[in-house]
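Have a look at the structure below before the remarks.
Read-outs throughout are calculated quantities, based only on the coordinates presented, and are distinct from any laboratory measurement. Keep in mind the model is a prediction, meaning the values are calculated, not measured. Reconstructed Cβ throughout: ideal geometry from the backbone, glycine too, with neighbour counts over all protein chains shown.
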Amino acid sequence: MAAQRVESSETTEFYLVQLLEAFARPTEADLLERPLGVAYLEAFHLPAPQRYGKLKQVADTALFITGVFVDSLERSLVGPGYYTALGRNAYARLSAHPSRTGLAALFGELAGRFPEFVRVLAEIKRSTQPSANGFPQMNMFDQPELEAMMRANHKRYPRAEIRGNVEVTG
């Protein structure tokens with residue numbers, strides 16, 4: 001946060017670290033499986049406890065997507081402004097949520113300073129140095145769920161063959 005000259009409460013810093021940790025181990029298959037704007041609107045048709053959870057999911061996802069993937073968003077039909085507006089509005093609603101008055105200041109700070117926190121998340125550096133496999137670690141990804149699904153379903157395709165420890169060269 002110092003590199004971006006953004007000061008915040010210790011609570012907000014802790015919250016941002018927890019947000020990054022949560023997205024490092026996602027529980028859903030796809031961050032944007034459904035349009036975030038639809039999820040935002042759906043929240044207002046839910047009872048208060050579920051509304052809180054849905055708004056928090058929308059706000060956190062918007063902050064993460066806008067901060068970490070801002071370069072991709074700038075080349076897409078739905079740009080960073082869309083996600084910023086959704087995130088700010090969702091955090092603002094959370095700050096006014098009657099059952100969570102203890103978190104009002106946190107969510108108010110996130111809503112009011114959303115662009116600053118986007119810059120903080122965008123500052124996350126990924127190493128471009130080759131790792132043990134010869135490629136930058138930032139190019140690697142772990143896909144255990146996909147691999148498990150492929151292994152479980154490959155028997156349906158008699159001509160398919162799974163080969164491990166094989167280098168693809170062309």
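Between Leu46 and Thr169, what is the FRET efficiency for a Förster distance of 45 Å, r being their Cβ-Cβ separation, to the nearest 0.05? Approximately 0.30, to the nearest 0.05. Phi angles of region 84-95 translate, via the Karplus equation with coefficients 6.51, -1.76, 1.60 and θ = phi - 60°, into HN-Hα couplings of 4, 4, 4, x, 4, 5, 5, 5, 4, 5, 5, 5 Hz per residue; Gly and Pro are given as x. Rg ratio for region 44-97: its Cα radius of gyration over 2.2 N^0.38 Å, N being its residue count, equals 1.20.
A simple spin-label model places the labels of Ser76 and Glu147 2.7 nm from each other, with each point 7 Å out along Cα-to-Cβ.
Available extension along the chain between Ala160 and Ala22 is 46.2 nm, counting 0.36 nm per residue and deducting the alpha carbon span.
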